[in-house]
Amino acid sequence: MVVAVNEYVYQLFVQMHGRQFLLAITYFLGGAIVILWMIMVVHKFLLERQEQRQLQCKSRYLADCLSCLGDVTCDFSLPSKSWEWKVLADVLIYLEEGTLAERRMSLQQLSRRLKVSEHLVPQLQSRFWRPRLESVERLGLLRLPENLPVLRAHLLREQDLHVVTKLLWSISLVGEPSDLKLIMSHLGRQPVISSKFNEHLFQNLLESLLMQNLSSEAALLCEQMLCSELVPAIFKRDLIEACGGCRFLLASPAIVNYFQYAQHDPGCVISCLRALGEMGGDPDGRLILPALGHADWRVRAVAARAAVSVSGAYRRLFELLGDASYQVRMNAASALVAFGAEGRALLEESGLASQDRFVRDISFYMLREY
Amino acid sequence: MLDTFILLLLMWQLLTLGFFIAINSYYSFFTLLALITIPRQLTLASHHHINNLVVGSYYRPISIIVPAYNEELSIITSISLLLGLKYPEYELVVVNDGSNDRTLQRLIEAFRLVPVPRPFQARLEHEPVVHEYVSLMSDQLRVIDKRNGGKSDALNAGLNASRYPLFCCVDADSILEPNALMRAAKMFVQDRRVVATGGVVRILNGCNLTNGKVTDVHAPGKWVERFQAIEYLRGFLVGRSSWSALNGLLIISGAFGVFRKDVVMAINGYRKTVGEDMDLVVRLHRYCCDQKMPYRVCFLPDAVCWTQAPADWHSLLVQRNRWHRGLVETLLYNRSMMGNPRYGLVGLVALPYFLLFEAFGPAIEFVGYAGFVLFFYFELVNCEFALLFLSLAVLWGAWLNLGGLLLDNVVFRRYARVKDLMILSVAGLFEFAGYRQLIAVERLIATVTFWRSSWGKPKRHEMNNENRKAAY
């Protein structure tokens with residue numbers, strides 16, 4: 001019976017042209033392996049050659065850019081191919097990263113003179129999202145204000161989420177006051193972007209406005225946004241955090257006002273306290289000192305950290321070493337150390353001799369560590 | 001009686017054939033999927049983008065937790081390298097899990113550790129902490145010395161001691177590329193749904209390490225390592241990137257993964273099991289689905305961690321045995337998710353796949369081989385068919401391996417010499433002639449002894465980090 005079944009299965013295999021089928025697949029796979037291997041080796045050599053050329057091109061442009069900085073008559077051998085333009089853009093971006101404002105101006109002038117953006121913009125029309133994304137990224141990093149209209153116009157028709165995100169980021173790098181509303185309106189439509197990203201965009205925009213000497217406009221804008229009923233609370237928090245991040249002191253009155261208004265929301269209170277602490281926006285401790293006694297431990301913890309900017313807060317901070325919350329105690333101790341000699345003296349004299357073991361331990365730890 | 005047995009075996013062989021076609025088709029499909037998804041991921045994480053992250057404020061601080069048990073040979077090199085990562089704000093929490101070698105002494109000497117009587121918040125349960133040390137050389141480094149309780153216990157202690165909202169678990173014998181952490185953590189900022197990300201784990205064996213950076217990537221010297229190198233490429237670049245694209249990723253390697261601490265705390269941290277990495281990710285899926293919260297678990301092919309693979313057959317088998325026990329135990333523990341539509345793709349596709357192809361795969365494969373031998377004995381094998389089938393199996397397997405290697409070469413080009421690609425291609429061709437069967441047998445043994453909880457630590461080698469002055 002077994003032989004019969006086995007024979008039957010084999011006959012079925014023959015009838016279904018199984019042999020030919022298996023042979024065909026085997027040949028196909030054998031051929032595919034050879035082709036894959038050839039692709040691997042050829043691709044490796046081709047790509048390495050291309051990279052070598054890009055590297056040479058990069059060092060040539062780097063030398064040319066450095067010699068042509070501030071010299072409008074300088075002779076610059078312009079790229080002829082698309083990839084050469086990308087390399088040139090990358091060189092200019094590389095030179096701009098972390099450079100001083102004056103040198104950045106010269107680099108931007110050079111970018112304008114070489115018309116780099118004009119060669120990047122056509123890629124925005126690409127059918128594929130990757131060239132569009134790369135183009136948007138380079139246009140943003142070149143930080144040329146004249147690219148703003150192009151980026152804004154493209155934002156209206158772009159569908160891909162990754163490119164939209166990159167567009168918002170690029171706009172934030174060179175944005176004008178009106179762009180804050182534009183960015184917020186788009187962020188409202190993207191449900192997945194995190195608060196940290198929003199904060200990053202707002203911080204970029206504020207830094208861009210400060211670079212353009214538009215600090216009073218930026219402060220006014222912050223005030224309008226924080227007072228507006230139409231702006232969601234989460235964006236207000238991110239904006240406040242961004243103000244703190246770039247230590248934008250002019251925004252502190254608006255933040256103080258918002259603090260009064262949003263006292264019921266611990267999240268907003270925390271953001272305000274953190275920002276005020278970072279920018280030193282509450283030197284007399286009108287908001288920070290009362291917050292040290294807040295019912296919510298998270299508020300107390302942030303207030304303890306922010307209290308470093310309030311002169312004479314160290315006695316109040318010392319009391320917080322006995323707080324119910326571990327985090328508040330830690331922050332209070334590190335703030336005391338940051339106060340300098342007065343805080344350290346308090347920790348040495350009273351902290352190490354305290355009846356509370358935790359206070360002794362934390363004082364010992366902080367004095368030893370910092 | 002014998003007839004019935006052989007008839008059943010024949011039926012089983014047909015099932016094995018179906019299994020063979022299904023698993024190879026799955027890998028073929030995933031290879032093609034990976035060819036699409038990996039370049040996409042790399043475009044999003046461009047050099048400019050990462051550079052902007054490193055110098056900007058666009059990050060979330062991370063606690064790196066390094067559990068260490070008897071790691072005296074590699075601990076100093078790996079901690080020194082972790083202290084040199086490019087990341088704006090991170091702390092390093094090394095947990096000495098009751099090592100009985102000189103791991104702790106070497107750490108104390110190398111990093112000038114001093115004990116501090118610091119209060120310890122115990123939100124997760126673990127074995128008692130003996131001492132906590134801080135380093136006088138680096139304020140980022142802390143060492144927790146605790147009683148032995150296993151890797152998951154050590155990770156829980158590290159979680160309790162950590163301060164930051166994200167944490168990264170790294171094995172003590174692994175090293176991260178300088179920007180790996182930034183690449184792995186960027187997703188948490190870009191997408192608020194992300195709860196966990198994992199990077200690629202690559203084999204360090206055969207590579208040169210200079211100033212903490214893997215400089216020359218070569219094919220490993222021994223065949224046992226070469227087979228693993230090919231296996232890792234296939235597993236990570238093809239398997240994980242494709243599951244990640246489908247949002248059904250069930251494993252983030254214990255050697256390198258970044259997680260949201262609040263969510264991990266909500267599921268009570270790591271569970272005591274030998275497969276704690278997979279278990280954590282499956283429970284994260286479970287928690288997020290139960291809570292109806294939108295979430296993502298991502299694999300990032302550009303975040304690279306280098307690890308020492310077992311260099312001898314015994315250590316390899318011990319390791320694979322442990323991995324497989326971990327898999328079976330995790331599937332058993334989370335069995336209520338299996339086929340449950342409440343858990344979406346994870347419950348309906350990913351878990352059944354892992355049960356059928358990964359957990360039961362070795363058993364099915366083994367019975368297939370045994371059946372072939374029996375058929376041969378009873379002269380029931382058609383030689384032509386058998387030869388054709390064998391060629392098909394070897395070539396299909398080689399094609400898949402080469403696909404992984406091609407993917408690595410097209411996208412990353414880590415192997416500098418064609419010679420290395422040749423060696424690995426040959427390893428890919430011969431992986432199906434002995435190596436695969438050996439691993440299948442070990443996994444089968446692990447399947448029937450899944451309740452064992454022994455860790456079985458592979459033999460470690462000292463990492464040679466050559467300190468050279470950079471050539472400008």
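The values are calculated or read from the model by the stated rules, or taken from the named source; none is laboratory data. Everything quoted here is computed from the prediction, not taken from an experiment. Don't worry about glycine lacking a Cβ; one is built from the backbone with ideal geometry, like all the others, and counts go over all protein chains shown.
Let's see how each residue does on (1) closer than 23 Å to B:Val114 by Cβ; (2) at the interface with chain B (Cβ under 10 Å from one of its Cβ atoms); (3) crowded, with 19+ Cβ neighbours inside 10 Å:
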site	(1), (2), (3)
A:Met330	yes, yes, yes
A:Ala333	yes, no, yes
A:Glu342	no, no, no
A:Ala353	yes, no, no
A:Asp361	yes, yes, yes
A:Phe364	yes, yes, no
A:Leu367	yes, no, no
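Within the range A:130-152, count every residue that is within 12 Å of chain B (Cβ to nearest Cβ), over 21 Å from the mean Cα position of the chain (by Cα) and touching a residue at least 12 places away in the same chain (Cβ under 8 Å).
Going through the range A:130-152 one residue at a time, the tally reaches 0.
Of everything in the range A:191-209, what is surrounded by fewer than 16 Cβ atoms within 10 Å (Cβ to Cβ) and in contact with a Leu (Cβ under 9 Å, 6 or more places away or on another chain)? Give them in sequence order.
Of everything in the range A:191-209, just one residue is surrounded by fewer than 16 Cβ atoms within 10 Å (Cβ to Cβ) and in contact with a Leu (Cβ under 9 Å, 6 or more places away or on another chain), namely A:Val192.
Taking the range B:134-156 only, how many residues are of a type outside the set (Gly, Ala, Ser) and at pLDDT below 90?
5
Only residues that are buried (at least 19 other Cβ atoms within 10 Å of the Cβ) and in contact with an Asp or Glu (Cβ under 9 Å, 6 or more places away or on another chain): list them for the range B:253-277, please.
Those that are buried (at least 19 other Cβ atoms within 10 Å of the Cβ) and in contact with an Asp or Glu (Cβ under 9 Å, 6 or more places away or on another chain): B:Ser253, B:Gly254, B:Ala255, B:Phe256, B:Gly257, B:Gly269, B:Tyr270, B:Thr273, B:Val274, B:Gly275.
Would you be able to say whether some residue in the range A:238-249 is assigned to a helix (DSSP H, G or I), at negative phi and among the charged types (D, E, K, R)?
Going through the range A:238-249, the residues assigned to a helix (DSSP H, G or I) turn out to be A:238-245, A:249.
Narrowing the set further to residues that are at negative phi leaves A:238-245, A:249.
Subsequent filtering for residues that are among the charged types (D, E, K, R) retains A:238, A:241.
Yes: one or more hits.
Of all the residues that make up the range B:373-388, how many are within 9 Å of chain A (Cβ to nearest Cβ), touching a residue at least 24 places away in the same chain (Cβ under 8 Å) and part of a helix (DSSP H, G or I)?
So the count comes out to 1.
Residue by residue, here is whether (1) buried (at least 21 other Cβ atoms within 10 Å of the Cβ); (2) within 14 Å of another protein chain (Cβ to nearest Cβ) holds:
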position: B:Gln105; (1), (2): no, no
position: B:Ser135; (1), (2): yes, yes
position: B:Asp145; (1), (2): yes, no
position: B:Tyr164; (1), (2): no, yes
position: B:Ala184; (1), (2): yes, no
position: B:Val194; (1), (2): yes, yes
position: B:Asn205; (1), (2): yes, no
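I'd like the full set of residues that are hydroxyl-bearing (Ser, Thr, Tyr), farther than 16 Å from A:Lys196 by Cβ and within 16 Å of the chain's Cα centre (by Cα), limited to the range B:167-212.
First, pick out the residues of the range B:167-212 that are hydroxyl-bearing (Ser, Thr, Tyr): B:174, B:197, B:210.
Checking the rest, the ones that are also farther than 16 Å from A:Lys196 by Cβ come to B:174, B:210.
Hit for the range B:167-212 is B:Ser174, nothing else.
Which of the residues belonging to the range A:312-336 are more than 19 Å from A:Arg286 (Cα to Cα) and touching an Asp or Glu at 6+ places or on another chain (Cβ under 8 Å)?
Passing the criteria: A:Leu321, A:Gly322, A:Arg329.
Considering only residues of the range B:285-339 that are of a type in the set (Asp, Glu) and under 27 Å from B:His218 (Cα atoms), which is farthest from the chain's Cα centre (by Cα)? Steps first, answer last, please.
The initial filter retains those residues of the range B:285-339 that are of a type in the set (Asp, Glu), namely B:290, B:302, B:312, B:329.
Okay, now just the ones that are also under 27 Å from B:His218 (Cα atoms), so B:302, B:312.
Values: B:Asp302: 15, B:Asp312: 19 Å.
Applying the filter and picking the extreme gives B:Asp312.
Filter the range B:446-464 down to the residues that are buried (at least 17 other Cβ atoms within 10 Å of the Cβ) and aliphatic (A, V, I, L, M), then identify the one that is modelled with the lowest pLDDT.
We begin by selecting, within the range B:446-464, every residue buried (at least 17 other Cβ atoms within 10 Å of the Cβ); these are B:446-447, B:450, B:458, B:460, B:463.
Still in the running and aliphatic (A, V, I, L, M): B:446, B:463.
Working: B:Ala446: 89, B:Met463: 62.
Filtering the range B:446-464 for residues that are buried (at least 17 other Cβ atoms within 10 Å of the Cβ) and aliphatic (A, V, I, L, M), the one modelled with the lowest pLDDT comes out as B:Met463.
Given the criterion at pLDDT below 85 and more than 26 Å from B:Leu35 (Cα to Cα), identify the matching residue among A:Leu47, A:Leu12. Steps first, answer last, please.
Details: A:Leu47 fails: more than 26 Å from B:Leu35 (Cα to Cα).
Result: A:Leu12 is the single residue among A:Leu47, A:Leu12 that is at pLDDT below 85 and more than 26 Å from B:Leu35 (Cα to Cα).
Would you check if there is a residue in the range B:410-426 being at positive phi and of a type in the set (Asp, Glu)? So that I can check it myself, show each step before the final result.
Looking only at the range B:410-426, we keep the residues that are at positive phi, and these are B:413.
From the residues that got through so far, the ones that are of a type in the set (Asp, Glu) too are none.
Within the range B:410-426 (the criterion being at positive phi and of a type in the set (Asp, Glu)), the answer is no, since none of the residues qualifies.
Please work out which residue is nearest to the other protein chains (Cβ to nearest Cβ), limiting yourself to the range B:390-420 and to residues that are farther than 17 Å from B:Leu35 by Cβ, touching a residue at least 40 places away in the same chain (Cβ under 8 Å) and touching a Leu at 6+ places or on another chain (Cβ under 9 Å).
So, considering only residues that are farther than 17 Å from B:Leu35 by Cβ, touching a residue at least 40 places away in the same chain (Cβ under 8 Å) and touching a Leu at 6+ places or on another chain (Cβ under 9 Å), the one nearest to the other protein chains (Cβ to nearest Cβ) is B:Trp396.
Out of all the residues in the range A:259-276, which are within 25 Å of the chain's Cα centre (by Cα) and under 19 Å from A:Gln224 (Cα atoms)?
A:Cys268, A:Val269, A:Ser271, A:Cys272, A:Ala275, A:Leu276 - these are the residues of the range A:259-276 that are within 25 Å of the chain's Cα centre (by Cα) and under 19 Å from A:Gln224 (Cα atoms).
Is the range B:294-301 home to any residue that is farther than 19 Å from B:Val264 by Cβ and crowded, with 17+ Cβ neighbours inside 10 Å?
To start, the set of residues in the range B:294-301 that are farther than 19 Å from B:Val264 by Cβ comprises B:301.
If we keep only those that are crowded, with 17+ Cβ neighbours inside 10 Å too, we end up with B:301.
Yes.
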